[in-house]
């Protein structure tokens, strides 16, 4: 494979990716969507983030680890409680990182 071939593939894949994402957004942004549908769409980011976080917390390294030896799970529980209490994503994230670092230091 030549360098120009690799760059052509990268540019064409970027263009295809842009087209696949941009066209639906451009079309839907000009439409008036029903309120129930808009409300339903508002839950998509939280659902996606929740599924990504849950997969990493419950399956570190690709295998389920549902025990007190799972530092991700041990850090996630107080982090979730902090977020529930403060409603601050940034605060809960920082607290979660500190809690996780502390747990890692304790479990060593």
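Structural remarks
Yes/no matrix, rows are residues, columns are (1) in a helix (DSSP H, G or I); (2) touching a helix residue (DSSP H, G or I) at 6+ places or on another chain (Cβ under 6 Å):
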{"site": "19", "(1), (2)": "yes, no"}
{"site": "25", "(1), (2)": "yes, no"}
{"site": "31", "(1), (2)": "no, no"}
{"site": "37", "(1), (2)": "yes, no"}
{"site": "40", "(1), (2)": "yes, no"}
{"site": "49", "(1), (2)": "yes, no"}
{"site": "73", "(1), (2)": "yes, yes"}
{"site": "90", "(1), (2)": "yes, no"}
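- Residue 12 more than 28 Å from residue 89 (Cβ to Cβ) and free of Cβ contacts under 8 Å to residues at least 24 places away in the same chain: yes
- Residues considered: 95, 55, 101. Of these, the only one that is modelled with pLDDT under 95, part of a helix (DSSP H, G or I) and either out of contact with any strand residue (DSSP E or B) (no Cβ under 6 Å at 6 or more places or on another chain) or not assigned by TED's automatic domain parsing to the domain that holds residue 25 (or both) is 55.
The values are calculated or read from the model by the stated rules, or taken from the named source; none is laboratory data. Every value quoted in this text rests on a predicted model; they were computed, and no experiment measured them. Glycine also receives a Cβ, built like all others from the backbone with ideal geometry; neighbour counts cover every protein chain displayed.
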